[in-house]
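The values are calculated or read from the model by the stated rules, or taken from the named source; none is laboratory data. These numbers were taken from a predicted model, which means no experiment stands behind them. Because the Cβ atoms are built from the backbone with ideal geometry, glycine has one as well, and the counts that use them run over all protein chains shown. Quick note on the areas: whole protein, heavy atoms, side chains included, nothing else; ligands and nucleic acids left out. Shrake-Rupley method; radii C 1.70, N 1.55, O 1.52, S 1.80 Å.
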Amino acid sequence: QVQLVESGGGLVQPGGSLRLSCAASGNIFSVRAMGWYRQAPGKQRELVARIFGGSTTNYLNSVKGRFTISRDNANNTVFLHMNSLKPEDTAVYYCTANVRHRETAASYDYWGQGTQVTVSS
């Protein structure tokens, strides 16, 4: 199995910053990509940011220029630096990783439990 351990969520005022971290462990041959999704109550889950390999990234339009995703490949860890946070960023943030196992060339997506980010004054 693969486990994703998230940290860094919490309560922050508008304009503040948070850094989310997520480390993947378990039956991992390699981690091809990692990313962050979020889901607010009553809304569908949306991709916030994703990083492929060492550097290729994509972002949700509403977070471009405010959020930065980075990855420590040696430790199978992904970070999401969130700046200039807005109330609309309030959501549960989920870490995801696309993992290749040792037993097969196939890759599978895994999910963390989610961490709450609340932006409120």
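Identify the residue in the range 1-33 that is at positive phi and part of a strand (DSSP E or B) and, among all such residues, is least open to solvent (accessible area, probe 1.4 Å).
G10
Identify, by number, the condition in (1) over 23 Å from V119 (Cβ atoms); (2) surrounded by 14 or more Cβ atoms within 10 Å (Cβ to Cβ); (3) of a type outside the set (A, V, I, L, M, F, W, C) that R102 doesn't meet.
If we test R102 against (1) over 23 Å from V119 (Cβ atoms); (2) surrounded by 14 or more Cβ atoms within 10 Å (Cβ to Cβ); (3) of a type outside the set (A, V, I, L, M, F, W, C), just (2) comes out false.
I need the full set of residues from the range 87-112 which are within 16 Å of P41 (Cα to Cα) and not aromatic (F, W, Y), in order please.
Passing the criteria: P87, E88, D89, T90, A91, V92.
Could you grab me the full set of residues in the range 1-38 that are over 16 Å from Y94 (Cβ atoms) and of a type in the set (S, T, Y)?
S17, S25, S30 - these are the residues of the range 1-38 that are over 16 Å from Y94 (Cβ atoms) and of a type in the set (S, T, Y).
Looking only at the range 62-103, how many residues end up being part of a loop (DSSP other than H, G, I, E, B) and of a type in the set (A, V, I, L, M, F, W, C)?
1
State the number of residues belonging to the range 38-60 that are open to solvent by 70 Å² or more (accessible area, probe 1.4 Å) and either within 15 Å of S84 (Cβ to Cβ) or under 14 Å from the mean Cα position of the chain (by Cα) (or both). Give the derivation first.
The first filter runs over the range 38-60 and keeps only residues open to solvent by 70 Å² or more (accessible area, probe 1.4 Å), leaving 41-45, 52, 55-56.
Now restrict to residues that are either within 15 Å of S84 (Cβ to Cβ) or under 14 Å from the mean Cα position of the chain (by Cα) (or both): 45, 52.
Residues in the range 38-60 being open to solvent by 70 Å² or more (accessible area, probe 1.4 Å) and either within 15 Å of S84 (Cβ to Cβ) or under 14 Å from the mean Cα position of the chain (by Cα) (or both): 2 in total.
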